[in-house]
Amino acid sequence: MLKAAIDADIFRETIDVISALVTECRLQVSDAGIQTRAVDTANVAMVSIEVRPEAFTSFTATTQELGMDIAKMKNIIAMMNKGDLLSLDLPEDGHKLALTFRGYKYSITLLDVNTIRKEPNMPNLDLPGRIILSGNALNSAIKAASVISDKIALGIDPTAGIFYMEAEGDTDQIRLEMGKDELESLSMTEARSLFSLDYLKDMGKVMSRATQVEVLLGNDHPVKFLFDIADGKGHVEYLLAPRIEAD
Amino acid sequence: MKQCGTCKGRGFCGLSQCPVTSRFYASLSISPSSSYMGGAPSVFVGSTGYPRVRGGPLLTDGSDNPEHWVHHKFGIDDIVRVRAQTIRGTAEASITCESMHEIALSSRPVDVEVAFEKPVRFDLTFDGTLAPVGLYGSITSIAVLDNARVERPVERVTSDTDLRATEAVDQLYREKVDVHRIQQLFTSGLLGVRRRIVPTRWAITAVDDMIAEGLKQRIRHNPTPEGIRIHTATLYGNQIICLLLPGPWAYEMIEIWDKNSLWGGEKTSIIRDGERERKSGYSPIAGAYYSARLAVLELLEQTGHMASAIVVRRVSDEYWAPLGTWVIREAARAALKTPPLCCPDIDTASRTITALLGSSDWLAASTHFRTIRTQKTLFDFISG
C-alpha cells in the first residue's frame with residue numbers, strides 16, 4: 001500500500017535523477033520513504049537515491065518493491081505544471097499506481113519486478129580525494145569539455161593546491177583549474193581518473209540544480225558524486241566507473 | 001571541403017545538377033512515346049516542393065523489388081539498365097492519388113494505361129537513398145486496368161484509420177510483409193491516422209527507423225552471449241563488416257568512401273555516426289545508417305541475443321552508380337548470414353577488421369571501439 005502526496009517539482013527532480021541512467025528500476029517503498037539503487041545497462045554507472053517521508057506533504061506506506069517504468073514516468077511528468085500537487089495511490093496488492101494532479105488521473109501498470117535487474121552490490125572503493133563545489137560549476141565544466149572531447153579527466157594536484165578537469169580531443173585541449181577559494185572544500189591528496197562524458201553529461205544536467213556536490217575521487221578509480229535533493233529531504237549518490245587512459 | 005560523402009546528390013554544393021550523378025546522363029537510347037500500357041509495380045513521390053509534392057507510378061514490365069534483383073544475381077549494370085527503361089510518371093497528387101493507392105496496395109504489379117503531356121524524356125536520377133529511374137513523363141491521365149491483389153495483413157492495417165503509422169508499420173513487419181512493400185504503402189499515404197502522401201526518400205528512412213524502434217523494444221531484455229564475432233560480405237562494391245560485441249545495445253556505423261569511388265573524390269572520405277539507447281537527429285550518413293541498423297536488429301531478434309554493433313561500410317570504385325539504401329540493407333543481411341569469424345579478444349577483432357579492409361583508418365574514426373577498450377565497469381571494482 002502506498003498513499004502519498006508530493007509537490008510535482010520534487011517528484012520531477014526524483015525521476016530526473018533516476019532517468020539520467022536507467023529506464024526502469026525497482027523502487028523500495030516503506031515507512032522510511034522511497035529508495036532505489038540501479039546500474040545502467042552497460043554496468044558503468046550506478047544511481048542510489050532516497051527520499052524521506054518529510055519530502056512528501058503526506059506519506060503512508062507498507063514495505064514493498066515496485067517495478068517502475070521510469071521512461072513512462074518522465075513522459076507523464078511533462079504533463080505537470082509547476083506547483084501542482086501530485087498524489088500517488090497504490091492499493092494493497094494493487095498493480096496499478098494512480099497518479100492524480102489537476103483533475104487528471106493516470107493509472108499506471110507497474111512492471112513485474114522480476115523482469116528488472118536486481119539491485120547491485122555497492123563496490124568497496126578507496127576514494128581519498130574529496131572536493132565540494134556547486135553543481136552548476138561542475139555541470140559547466142562538463143559541458144565545456146564535451147565541446148571538444150568524449151572524455152574528461154578529474155584530478156587533484158596537492159602541490160599546486162588545485163582541483164582540475166582536463167579534456168583532450170583529436171586536436172584540441174581544455175583545462176579548468178579551481179583553487180581553494182573557488183571551492184567549498186578540497187582535500188590535499190593526489191588523485192586522477194578519466195571518465196566518459198557521455199555519462200557525465202546526463203548526470204551533470206541533474207547535478208546542476210544542487211547547491212553543493214561532494215566529489216570523491218581516486219586514482220583510476222570510480223568517481224562518486226553525493227548531493228541532496230528536495231531541500232535536504234532526499235539524498236543521491238552517483239557512481240561512475242573510469243576509463244583507462246588510452247595507450 | 002568536399003561534401004559529396006554526406007550530400008549524395010542532394011545539392012549541398014549549390015550546383016543545379018550533381019556533377020557526380022550527371023556522368024550517367026549520356027549513356028542511354030530513348031524511344032519517346034506519349035502513352036504507356038503495361039505493368040506498374042510501384043509508386044514514387046518526389047520531395048521537391050513539399051508539401052505540394054508530385055507523385056505517380058513507376059512504369060516497367062520488369063521487376064522492381066530489390067530483394068528479387070539480389071536473389072537473381074543482377075549485376076550493377078543490369079540494375080541500371082532495368083531502371084533506365086523505367087518511366088517515372090508524375091502529376092499533382094490529386095490526379096494520381098487513387099491509382100497510386102491501387103498500385104501500392106497490390107502485391108503483384110497491376111496493369112495501367114497512362115497518357116503523358118509530352119513524350120517521355122530521358123532524366124536518369126540517382127541519389128543515395130533511392131533506386132535510380134531513367135525516364136520521366138508528366139501524366140495527364142491514368143487508369144488502372146487490373147484489380148489490386150492485397151494480402152490480408154495489408155488489407156487490415158490500411159483500412160484501420162485509428163491505427164497509428166508507427167504501430168501499423170510494426171504490425172506489417174511482424175507479419176512478414178517486405179520492407180519494400182511497407183515503404184510503398186507509407187509513401188502513398190495508406191498508413192496512420194492523419195494520412196498523407198510522403199516523399200519516397202523520406203518514407204524509406206522513416207520505415208527503416210520505425211521498424212528499428214519496435215525491434216529495439218523487443219530485444220531489450222535479450223541475454224548477451226559471450227564472444228566477439230565478425231561477419232562480412234560484399235555487394236556491388238559495398239563491403240560490409242559487422243562487428244558484434246557483448247554488451248547492451250549500441251550501434252555505430254563508419255562509412256568509408258575509397259579514393260575515386262562515387263562520392264569519395266580525390267582522397268578517402270570517412271563518415272561516422274552512432275547511438276546508444278536512443279538516436280537523436282538525422283544521421284550524417286543518411287539512409288544507409290538506418291538500413292544497416294535494421295539488418296543488425298533483425299539478426300538480434302532472430303537469434304534472441306543482444307549485442308553492441310559496429311558496422312563498417314567500405315565503398316570501392318566498383319560501385320559506380322548509387323542504387324539506393326536497399327543495397328546496404330541487403331549487403332548487411334547477406335553479411336550477417338555468413339558464418340562468423342570468432343575473435344578471442346577485442347585486439348584480435350580490430351586486427352582482423354584492419355586486415356579485411358587493408359587499412360586501419362576505421363579505427364581512428366570509431367569512438368565506440370575506443371570506449372569499449374578503455375571503459376571499465378563497476379564490476380571491475382567489486383572485489384571477491
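The values are calculated or read from the model by the stated rules, or taken from the named source; none is laboratory data. Bear in mind the structure is a predicted one, so any value in this text is a computation, not a measurement. Note that each Cβ is placed from the backbone with ideal geometry, even for glycine, and that neighbours are counted across all protein chains shown. When the accessible area is computed, the model is the full protein with side chains, heavy atoms only, and any ligands, DNA or RNA have been set aside. Shrake-Rupley method; radii C 1.70, N 1.55, O 1.52, S 1.80 Å.
Between B:GLN239, B:GLN302, B:GLN183, which gets the highest mean-square fluctuation from a Gaussian network model of chain B, Cα cutoff 10 Å? The residue that fluctuates most here is B:GLN302. Under the rule a/c < 1.5 gives rounded, and otherwise a/b versus b/c splits prolate from oblate, where does segment A:2-114 land using the Cα gyration tensor? In terms of gyration-tensor shape, rounded. In this label model, A:SER30 and A:GLU182 are separated by 4.3 nm, measuring between points 7 Å along each Cα→Cβ vector. Computed 3J(HN,Hα) for segment B:365-372, one whole-Hz value per residue from the Karplus formula 6.51 cos²θ - 1.76 cosθ + 1.60 where θ = phi - 60°, is 7, 7, 7, 4, 4, 4, 4, 4, glycine and proline marked x. Once the C-beta distance of B:ASP111 and B:SER280 is scaled by a Förster radius of 45 Å, the resulting FRET efficiency is 0.50 to the nearest 0.05. Over 23 Å apart at the Cα level, from the set A:LYS74/A:LYS105; B:LYS216/B:LYS376; A:LYS72/A:LYS205, are B:LYS216/B:LYS376.
Note on B:SER141 and A:LEU85: their simple-model spin labels are 7.2 nm apart, each label 7 Å out from Cα toward Cβ.
Give, rounded to the nearest 20 debye, the magnitude of the charge dipole that chain B has about its Cα centre when Lys and Arg contribute +1 at Cβ and Asp and Glu contribute -1 at Cβ. Don't jump to the answer; show the numbers that get you there.
Working: 44 positive and 42 negative charges, 149 e Å.
That gives chain B a dipole magnitude of about 720 debye.
Taking the convex hull of the alpha carbon positions in segment B:254-384 and averaging its projected area over all directions gives 9.9 nm². Between B:ARG181, B:ARG108, B:ARG52, the Gaussian network model of chain B with springs among Cα atoms under 10 angstrom shows the greatest mean-square fluctuation at B:ARG52.
Residue order by solvent-accessible surface for B:ASP162, B:ASP111 is B:ASP162, B:ASP111, largest first, with ligands and nucleic acids left out and a 1.4 Å probe. The separation of segment B:174-245 from segment B:338-384, counted between C-alpha centres, amounts to 25 Å.
Give the shape of segment A:129-240 as rounded, prolate or oblate, defined through the alpha-carbon gyration tensor: a ≥ b ≥ c are the square roots of its eigenvalues, a/c under 1.5 means rounded, and otherwise the shape is prolate if a/b is larger than b/c and oblate if not. Please report the intermediate quantities before stating the final value.
Numbers: a/c = 1.65, a/b = 1.20, b/c = 1.38.
Oblate.
Ordered from largest to smallest accessible area (heavy atoms of protein chains, 1.4 Å probe), the residues B:ASP361, A:ASP40, B:ASP317 come out as B:ASP317, B:ASP361, A:ASP40. Ranking A:ASN114, B:GLY304, B:TYR173 by how far each Cα lies toward the positive end of the dipole of the protein assembly as shown (charges on Cβ) leaves B:TYR173 at the top. Surface burial for B against A, with a 1.4 Å probe and both sides summed, reaches about 2000 Å² of accessible area.
In chain B, the sites counted are chymotrypsin sites (Phe, Trp or Tyr not before Pro) in DSSP loop states with at most 13 other Cβ atoms within 10 Å, and the longest stretch holding none of them, exclusive of the sites, is B:13-281.
Contact-buried residues of segment A:185-229, at a threshold of 30 Å² lost accessible area versus the chain by itself: A:ASP198 (1.4 Å probe; DNA, RNA and ligands ignored). Averaged over the residues of peptide A:38-49, the number of Cβ atoms from other protein chains lying within 10 Å of each residue's Cβ is 4. Note that segment A:233-241 has calculated 3J(HN,Hα) couplings of 8, x, 9, 10, 10, 9, 10, 9, 6 Hz, one per residue in order, obtained from phi through the Karplus relation 6.51 cos²θ - 1.76 cosθ + 1.60 (θ = phi - 60°); glycine and proline are x. The accessible area of B:SER94, taken with all protein chains in place and a 1.4 Å probe, comes to roughly 100 Å².
Given a 1.4 angstrom probe, I'd like the percentage of the accessible area of the protein assembly as shown that is carbon and sulfur, rounded to a whole number.
On the way: 13910 of 28240 Å².
Taking all protein chains in place, the protein assembly as shown shows 49 percent carbon and sulfur surface.
The angle separating the long axis of helix A:8-19 from the principal Cα axis of greatest extent in chain A is about 60 degrees. Across A:GLY232, A:GLY204, A:GLY135, mean-square fluctuation computed from a Gaussian network of chain A (C-alpha pairs under 10 Å connected) peaks at A:GLY232.
Rounded, prolate or oblate: which one fits segment B:42-176, using the alpha carbon gyration tensor with axes a ≥ b ≥ c (rounded when a/c is under 1.5, else prolate when a/b beats b/c, else oblate)? Write down the numbers at each step before the final one.
Working: a/c = 1.63, a/b = 1.22, b/c = 1.33.
In terms of gyration-tensor shape, oblate.
Cα centroids of segment A:117-132 and segment A:97-111: 35 Å apart. For A:ILE229, the residues 5 or more places off, or on other chains, whose built amide H falls under 5 Å of its own are A:GLY234, A:HIS235, A:VAL236.
Between 0 and 90 degrees, the angle of helix A:135-146 with respect to the longest Cα principal axis of chain A falls at about 60 degrees. In this structure segment B:328-384 gives 49 Å² per residue of accessible area when probed at 1.4 Å with all protein chains present. Solvent-accessible area of A:ILE108, all protein chains in place: 20 Å² (probe radius 1.4 Å, heavy atoms, ligands and nucleic acids excluded). Here the 3J(HN,Hα) profile of segment B:304-309, calculated from phi with Karplus coefficients 6.51, -1.76 and 1.60 at θ = phi - 60°, is x, 10, 10, 7, 9, 10 Hz, Gly and Pro shown as x.
With axes computed from alpha carbons, what is the tilt in degrees of helix B:326-337 against the longest principal axis of chain B, rounded to the nearest 10 within 0 to 90? The angle comes out near 40 degrees.
Under a 5 Å amide H cut-off, with hydrogens placed 1.01 Å from N, A:SER185 pairs with A:ILE132 among residues at least 5 apart or on other chains.
The mean number of Cβ atoms from other chains found within 10 Å of a Cβ in peptide A:237-245 is 3, as a whole number. In segment B:333-377, the residues that give up 20 Å² or more of accessible area when the other protein chains are added, compared with the chain on its own (1.4 Å probe), are B:ARG370, B:THR371, B:ARG373, B:THR374, B:GLN375, B:LYS376, B:THR377. Sorting A:SER149, B:SER35, A:SER134 on solvent-accessible area from highest to lowest, probe radius 1.4 Å, gives B:SER35, A:SER134, A:SER149. Charged side chains reduced to their Cβ positions (Lys and Arg at +1, Asp and Glu at -1) give the protein assembly as shown a dipole of some 1380 debye around its Cα centre. Counting only protein heavy atoms and a 1.4 Å probe, segment A:129-240 has 43 square angstrom of accessible area per residue. Given a 1.4 Å probe and the protein chains as shown, B:LEU341 ends up with an accessible area of around 70 Å².
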